[in-house]
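As C-alpha coordinates, the structure follows; a few thoughts come after it.
The values are calculated or read from the model by the stated rules, or taken from the named source; none is laboratory data. Since we're looking at a predicted model, the values are computed, not measured. Here Cβ is always computed from backbone atoms with ideal geometry, including for glycine, and neighbour counts include all displayed protein chains. Each accessible area value is taken on the protein alone, full model and side chains, heavy atoms only, with ligands, DNA and RNA left out. Shrake-Rupley method; radii C 1.70, N 1.55, O 1.52, S 1.80 Å.
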Amino acid sequence: MRELPDIEDQRGLVSTSQLRTAGWSRSAISRFVRSRGWSPLPGVVYGHRTTLDDDQRVIAGWLWAGPASALTGGWGLVRHGLVLAARPVLRRFVVADPCHSRVVDDVEVLHVHHAPTFRNLSGVPVVPLDRALIDYARGFEATADSVRAVTIRALQTGLTSPARLEAALGETRPNGTRGIRSGLIDFERGAWSVPEAQLLRILSRRRPRLKLQMNPRLVDTSGRLIGVPDCYLPDHRVAIQVHSWTHHAGFHGARDQWADTVDADARYIPHGIAVLPVSPTVLRDHPERFLRLLDGVLLAQQGRAKVDIRIEVAVEPTPLAPHAS
(Lines give C-alpha, C1' and ligand atoms only; values in the text may rest on other atoms or scores of the structure.)
Protein backbone atom coordinates (compact mmCIF):
# COMPACT_ATOMS: atom_id res chain seq x y z
CA MET A 1 0.00 0.00 0.00
CA ARG A 2 1.15 3.54 -0.75
CA GLU A 3 2.72 5.67 1.97
CA LEU A 4 1.35 9.09 2.84
CA PRO A 5 3.41 11.96 1.42
CA ASP A 6 5.72 13.46 4.02
CA ILE A 7 4.90 17.17 3.82
CA GLU A 8 7.30 19.48 5.62
CA ASP A 9 6.12 20.79 9.03
CA GLN A 10 2.88 18.76 8.94
CA ARG A 11 4.11 16.06 11.34
CA GLY A 12 2.69 13.12 9.36
CA LEU A 13 -0.70 14.76 8.73
CA VAL A 14 -2.15 15.49 5.31
CA SER A 15 -5.45 16.81 4.01
CA THR A 16 -7.51 14.80 1.58
CA SER A 17 -7.17 17.64 -0.94
CA GLN A 18 -3.38 17.30 -0.72
CA LEU A 19 -3.72 13.56 -1.28
CA ARG A 20 -5.97 14.09 -4.30
CA THR A 21 -3.39 16.51 -5.72
CA ALA A 22 -0.78 13.80 -5.20
CA GLY A 23 -2.89 11.39 -7.27
CA TRP A 24 -4.78 9.48 -4.59
CA SER A 25 -8.32 8.41 -5.39
CA ARG A 26 -11.15 8.68 -2.86
CA SER A 27 -11.24 4.91 -2.54
CA ALA A 28 -7.48 4.72 -1.93
CA ILE A 29 -7.78 7.33 0.83
CA SER A 30 -10.67 5.41 2.43
CA ARG A 31 -8.74 2.10 2.31
CA PHE A 32 -5.70 3.71 3.92
CA VAL A 33 -7.76 5.20 6.76
CA ARG A 34 -9.51 1.88 7.40
CA SER A 35 -6.39 -0.25 7.32
CA ARG A 36 -3.45 1.81 8.60
CA GLY A 37 -4.24 5.32 9.67
CA TRP A 38 -7.15 7.35 10.97
CA SER A 39 -8.94 10.63 10.39
CA PRO A 40 -8.69 12.97 13.40
CA LEU A 41 -10.93 15.55 11.66
CA PRO A 42 -13.03 15.46 8.49
CA GLY A 43 -10.77 15.72 5.47
CA VAL A 44 -7.59 15.13 7.50
CA VAL A 45 -5.57 11.90 7.50
CA TYR A 46 -2.85 10.68 9.86
CA GLY A 47 -0.63 7.75 8.96
CA HIS A 48 -0.40 6.14 12.41
CA ARG A 49 -3.00 4.89 14.84
CA THR A 50 -1.58 6.84 17.75
CA THR A 51 -2.81 9.85 19.70
CA LEU A 52 -1.83 13.25 18.36
CA ASP A 53 0.20 15.59 20.55
CA ASP A 54 -0.81 19.24 20.98
CA ASP A 55 1.32 20.46 18.09
CA GLN A 56 -0.16 17.85 15.76
CA ARG A 57 -3.68 18.72 16.92
CA VAL A 58 -3.09 22.35 15.92
CA ILE A 59 -1.77 21.25 12.51
CA ALA A 60 -4.79 18.97 12.04
CA GLY A 61 -7.11 21.85 12.91
CA TRP A 62 -5.42 24.11 10.37
CA LEU A 63 -5.66 21.46 7.65
CA TRP A 64 -9.40 21.16 8.35
CA ALA A 65 -9.85 24.96 8.47
CA GLY A 66 -8.11 25.32 5.12
CA PRO A 67 -4.89 26.85 3.77
CA ALA A 68 -6.37 30.39 3.79
CA SER A 69 -6.98 30.24 7.57
CA ALA A 70 -4.70 31.54 10.34
CA LEU A 71 -4.41 30.35 13.93
CA THR A 72 -5.52 32.74 16.68
CA GLY A 73 -6.59 32.70 20.36
CA GLY A 74 -4.85 30.63 23.02
CA TRP A 75 -3.02 28.25 20.75
CA GLY A 76 -1.90 31.24 18.69
CA LEU A 77 -0.34 32.72 21.82
CA VAL A 78 1.40 29.43 22.56
CA ARG A 79 2.74 29.36 18.99
CA HIS A 80 4.20 32.83 19.55
CA GLY A 81 6.07 31.50 22.59
CA LEU A 82 3.83 32.49 25.50
CA VAL A 83 3.45 30.05 28.39
CA LEU A 84 -0.18 29.92 29.54
CA ALA A 85 -1.29 28.84 33.00
CA ALA A 86 -3.83 26.42 31.52
CA ARG A 87 -3.82 24.45 28.30
CA PRO A 88 -6.15 26.10 25.74
CA VAL A 89 -9.34 24.21 25.03
CA LEU A 90 -10.24 25.51 21.57
CA ARG A 91 -8.23 25.45 18.39
CA ARG A 92 -9.43 28.71 16.86
CA PHE A 93 -8.76 29.97 13.33
CA VAL A 94 -9.85 33.02 11.33
CA VAL A 95 -10.62 33.02 7.63
CA ALA A 96 -11.87 35.66 5.20
CA ASP A 97 -14.38 35.66 2.32
CA PRO A 98 -15.62 33.57 0.64
CA CYS A 99 -15.20 31.07 3.47
CA HIS A 100 -17.62 30.97 6.39
CA SER A 101 -17.68 30.23 10.12
CA ARG A 102 -17.93 26.59 11.17
CA VAL A 103 -17.17 24.30 14.11
CA VAL A 104 -16.21 20.66 14.53
CA ASP A 105 -15.21 19.09 17.84
CA ASP A 106 -12.92 21.65 19.55
CA VAL A 107 -11.94 23.43 16.32
CA GLU A 108 -13.61 26.71 15.46
CA VAL A 109 -13.29 28.76 12.29
CA LEU A 110 -14.35 32.41 12.55
CA HIS A 111 -15.23 34.39 9.45
CA VAL A 112 -13.66 37.86 9.10
CA HIS A 113 -14.21 40.38 6.32
CA HIS A 114 -10.57 41.00 5.53
CA ALA A 115 -7.86 38.42 5.00
CA PRO A 116 -5.84 38.14 8.24
CA THR A 117 -2.19 39.04 8.34
CA PHE A 118 -0.05 36.19 9.65
CA ARG A 119 3.39 34.75 10.27
CA ASN A 120 4.28 31.17 9.49
CA LEU A 121 5.30 29.62 12.81
CA SER A 122 6.43 25.98 12.57
CA GLY A 123 4.38 25.37 9.47
CA VAL A 124 1.13 27.03 10.61
CA PRO A 125 0.02 30.58 9.68
CA VAL A 126 -0.56 32.51 12.94
CA VAL A 127 -2.07 35.97 13.37
CA PRO A 128 0.05 38.64 15.15
CA LEU A 129 0.34 38.15 18.89
CA ASP A 130 -1.76 41.22 19.70
CA ARG A 131 -4.63 39.94 17.55
CA ALA A 132 -4.34 36.45 19.08
CA LEU A 133 -4.45 37.98 22.57
CA ILE A 134 -7.59 39.98 21.75
CA ASP A 135 -9.30 36.90 20.29
CA TYR A 136 -8.21 34.92 23.38
CA ALA A 137 -9.89 37.49 25.61
CA ARG A 138 -13.00 38.13 23.54
CA GLY A 139 -13.50 34.43 22.93
CA PHE A 140 -13.75 33.86 26.70
CA GLU A 141 -10.95 31.30 26.64
CA ALA A 142 -9.81 32.52 30.07
CA THR A 143 -10.96 34.72 32.93
CA ALA A 144 -10.21 38.45 32.88
CA ASP A 145 -7.59 37.93 35.62
CA SER A 146 -5.85 35.24 33.58
CA VAL A 147 -5.91 37.46 30.48
CA ARG A 148 -4.42 40.26 32.58
CA ALA A 149 -1.56 37.96 33.65
CA VAL A 150 -0.93 36.82 30.06
CA THR A 151 -0.92 40.44 28.87
CA ILE A 152 1.72 41.44 31.43
CA ARG A 153 3.79 38.38 30.52
CA ALA A 154 3.63 39.21 26.79
CA LEU A 155 4.75 42.78 27.45
CA GLN A 156 7.42 41.86 30.00
CA THR A 157 9.01 39.28 27.69
CA GLY A 158 9.05 41.73 24.77
CA LEU A 159 6.71 39.70 22.56
CA THR A 160 4.70 42.89 22.09
CA SER A 161 4.89 46.52 23.19
CA PRO A 162 2.41 48.94 24.79
CA ALA A 163 2.23 50.90 21.53
CA ARG A 164 1.46 47.84 19.40
CA LEU A 165 -1.09 46.52 21.87
CA GLU A 166 -2.81 49.89 22.21
CA ALA A 167 -3.01 50.16 18.42
CA ALA A 168 -4.58 46.70 18.16
CA LEU A 169 -7.10 47.54 20.91
CA GLY A 170 -7.99 50.73 19.05
CA GLU A 171 -9.07 48.67 16.04
CA THR A 172 -11.58 46.49 17.91
CA ARG A 173 -14.61 46.86 20.12
CA PRO A 174 -13.84 47.20 23.85
CA ASN A 175 -16.15 44.41 25.03
CA GLY A 176 -14.24 41.43 26.40
CA THR A 177 -10.90 43.26 26.59
CA ARG A 178 -10.95 44.40 30.23
CA GLY A 179 -8.22 41.94 31.24
CA ILE A 180 -5.93 43.18 28.45
CA ARG A 181 -6.46 46.83 29.36
CA SER A 182 -5.83 46.12 33.06
CA GLY A 183 -2.61 44.26 32.24
CA LEU A 184 -1.47 47.09 29.99
CA ILE A 185 -2.02 49.65 32.76
CA ASP A 186 -0.21 47.43 35.29
CA PHE A 187 2.79 47.04 33.01
CA GLU A 188 3.01 50.75 32.21
CA ARG A 189 3.08 51.44 35.97
CA GLY A 190 6.11 49.16 36.30
CA ALA A 191 4.67 45.76 37.24
CA TRP A 192 6.15 42.68 35.62
CA SER A 193 3.54 40.26 37.01
CA VAL A 194 0.06 40.20 38.53
CA PRO A 195 1.43 39.90 42.12
CA GLU A 196 3.60 42.97 41.51
CA ALA A 197 0.52 44.79 40.20
CA GLN A 198 -1.31 43.77 43.38
CA LEU A 199 1.59 45.16 45.42
CA LEU A 200 1.33 48.46 43.54
CA ARG A 201 -2.39 48.67 44.23
CA ILE A 202 -1.93 48.02 47.95
CA LEU A 203 0.77 50.66 48.30
CA SER A 204 -1.11 53.25 46.24
CA ARG A 205 -4.22 52.88 48.37
CA ARG A 206 -2.76 52.27 51.80
CA ARG A 207 0.66 53.96 51.72
CA PRO A 208 0.29 56.62 48.98
CA ARG A 209 3.10 58.85 50.32
CA LEU A 210 5.80 56.23 49.83
CA LYS A 211 8.18 56.83 46.94
CA LEU A 212 9.00 53.67 45.04
CA GLN A 213 10.51 52.20 41.90
CA MET A 214 9.38 48.94 40.31
CA ASN A 215 12.14 46.63 39.06
CA PRO A 216 15.03 49.13 39.14
CA ARG A 217 18.65 48.08 38.67
CA LEU A 218 20.60 48.83 41.83
CA VAL A 219 24.37 49.13 41.38
CA ASP A 220 27.23 49.97 43.75
CA THR A 221 29.71 52.82 43.32
CA SER A 222 31.91 50.67 41.06
CA GLY A 223 28.99 49.93 38.74
CA ARG A 224 28.59 46.32 39.91
CA LEU A 225 25.00 45.09 39.92
CA ILE A 226 23.54 44.54 43.38
CA GLY A 227 20.16 43.31 42.20
CA VAL A 228 16.82 44.11 40.58
CA PRO A 229 14.21 44.12 43.36
CA ASP A 230 10.55 43.82 42.49
CA CYS A 231 9.91 47.07 44.37
CA TYR A 232 12.38 49.51 45.93
CA LEU A 233 11.66 52.28 48.45
CA PRO A 234 14.66 54.62 48.03
CA ASP A 235 13.91 56.91 50.98
CA HIS A 236 14.01 53.95 53.36
CA ARG A 237 16.39 51.56 51.60
CA VAL A 238 13.85 48.74 51.51
CA ALA A 239 13.61 46.12 48.75
CA ILE A 240 10.28 44.29 48.54
CA GLN A 241 10.53 40.89 46.88
CA VAL A 242 7.42 39.02 45.75
CA HIS A 243 8.41 35.35 45.99
CA SER A 244 6.04 32.83 44.41
CA TRP A 245 6.40 29.07 44.56
CA THR A 246 5.88 28.86 40.80
CA HIS A 247 8.87 31.00 39.86
CA HIS A 248 11.27 30.47 42.76
CA ALA A 249 11.02 26.77 43.70
CA GLY A 250 12.43 23.68 42.01
CA PHE A 251 15.31 23.42 39.58
CA HIS A 252 16.10 25.13 36.30
CA GLY A 253 18.50 22.69 34.75
CA ALA A 254 21.00 21.95 37.52
CA ARG A 255 20.35 25.23 39.36
CA ASP A 256 18.34 25.31 42.58
CA GLN A 257 16.01 28.27 41.99
CA TRP A 258 15.14 28.71 45.66
CA ALA A 259 18.82 28.78 46.65
CA ASP A 260 19.43 31.40 43.95
CA THR A 261 16.54 33.46 45.34
CA VAL A 262 17.91 33.36 48.89
CA ASP A 263 21.41 34.27 47.67
CA ALA A 264 20.05 37.17 45.61
CA ASP A 265 18.15 38.57 48.61
CA ALA A 266 21.26 38.36 50.80
CA ARG A 267 23.27 40.54 48.39
CA TYR A 268 21.25 43.63 49.40
CA ILE A 269 22.16 43.45 53.10
CA PRO A 270 25.84 44.64 52.92
CA HIS A 271 24.59 47.76 51.15
CA GLY A 272 22.26 48.75 53.99
CA ILE A 273 19.16 47.61 52.12
CA ALA A 274 16.52 45.74 54.14
CA VAL A 275 14.72 42.97 52.25
CA LEU A 276 11.02 42.33 52.84
CA PRO A 277 9.88 39.10 51.13
CA VAL A 278 6.16 38.54 50.59
CA SER A 279 4.13 35.83 48.88
CA PRO A 280 1.43 36.49 46.27
CA THR A 281 -1.20 34.82 48.49
CA VAL A 282 -0.44 37.20 51.37
CA LEU A 283 -0.78 40.19 49.04
CA ARG A 284 -4.05 38.81 47.72
CA ASP A 285 -5.65 37.50 50.92
CA HIS A 286 -3.92 39.26 53.86
CA PRO A 287 -2.65 42.69 52.77
CA GLU A 288 -2.93 43.98 56.33
CA ARG A 289 -0.34 41.41 57.46
CA PHE A 290 2.04 42.63 54.76
CA LEU A 291 1.49 46.29 55.70
CA ARG A 292 2.24 45.59 59.37
CA LEU A 293 5.51 43.96 58.40
CA LEU A 294 6.33 46.81 56.04
CA ASP A 295 5.72 49.44 58.72
CA GLY A 296 8.02 47.57 61.09
CA VAL A 297 10.80 47.40 58.49
CA LEU A 298 10.44 51.11 57.66
CA LEU A 299 10.72 51.97 61.34
CA ALA A 300 13.80 49.77 61.79
CA GLN A 301 15.51 51.43 58.81
CA GLN A 302 15.27 54.92 60.30
CA GLY A 303 18.66 56.28 61.28
CA ARG A 304 20.64 53.36 59.85
CA ALA A 305 23.89 54.17 58.09
CA LYS A 306 23.57 54.43 54.32
CA VAL A 307 25.97 52.96 51.79
CA ASP A 308 26.30 54.69 48.43
CA ILE A 309 24.37 52.97 45.66
CA ARG A 310 22.98 54.09 42.33
CA ILE A 311 19.50 53.45 40.93
CA GLU A 312 19.50 52.87 37.18
CA VAL A 313 15.99 53.94 36.18
CA ALA A 314 14.57 56.31 33.60
CA VAL A 315 12.79 58.67 36.01
CA GLU A 316 13.07 59.69 39.62
CA PRO A 317 10.74 57.94 42.06
CA THR A 318 7.54 59.83 42.83
CA PRO A 319 4.70 59.26 45.31
CA LEU A 320 1.92 57.03 44.06
CA ALA A 321 -1.48 58.62 43.71
CA PRO A 322 -4.49 56.54 44.82
CA HIS A 323 -6.48 55.16 41.91
CA ALA A 324 -9.80 53.47 41.40
CA SER A 325 -10.01 49.73 41.30
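Tabulated data for the structure shown
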| read-out | value |
| --- | --- |
| Cβ-Cβ under 6 Å pairs, at least 6 apart or on other chains, the stretch 199-217 side farther than 23 Å from Gly227 by Cα, far side assigned to a strand (DSSP E or B) | Arg209/Pro319 |
| Qualifying position, being closer than 19 Å to Val104 by Cβ and of a type in the set (S, T, N, Q), among Thr72, Thr21 | Thr72 |
| Ser222 vs. criteria modelled with pLDDT under 95 and more than 14 Å from the chain's Cα centre (by Cα) | yes |
| Strands (runs of 3 or more DSSP E) contained in the stretch 1-60 and holding at least 3 residues of a type in the set (Val, Ile, Thr) and under 32 Å from the mean Cα position of the chain (by Cα) | none |
| Matching helices (runs of 4 or more DSSP H) fully within the stretch 253-325 where at least 3 residues are at pLDDT 90 or above and touching a Lys or Arg at 6+ places or on another chain (Cβ under 8 Å) | 287-301 |
| Odd one out for Lys211 among (1) under 24 Å from His271 (Cα atoms); (2) open to solvent by less than 20 Å² (accessible area, probe 1.4 Å); (3) not acidic (Asp, Glu) | (2) |
| Arg153 being of a type in the set (D, E, K, R), out of contact with any Cys (no Cβ under 7 Å at 6 or more places or on another chain) and farther than 11 Å from Asp130 by Cβ | yes |
| Any chance Trp24 is farther than 20 Å from Ala68 by Cα and open to solvent by 50 Å² or more (accessible area, probe 1.4 Å) | no |
| Residue satisfying all of: in the stretch 215-245; open to solvent by 20 Å² or more (accessible area, probe 1.4 Å) and hydrophobic (A, V, I, L, M, F, W, C); nearest to Thr281 (Cα to Cα) among these | Trp245 |
| Of all residues in the stretch 169-193 being open to solvent by 40 Å² or more (accessible area, probe 1.4 Å), under 21 Å from Met214 (Cα atoms) and not in a loop (DSSP other than H, G, I, E, B), the one that is modelled with the highest pLDDT | Arg181 |
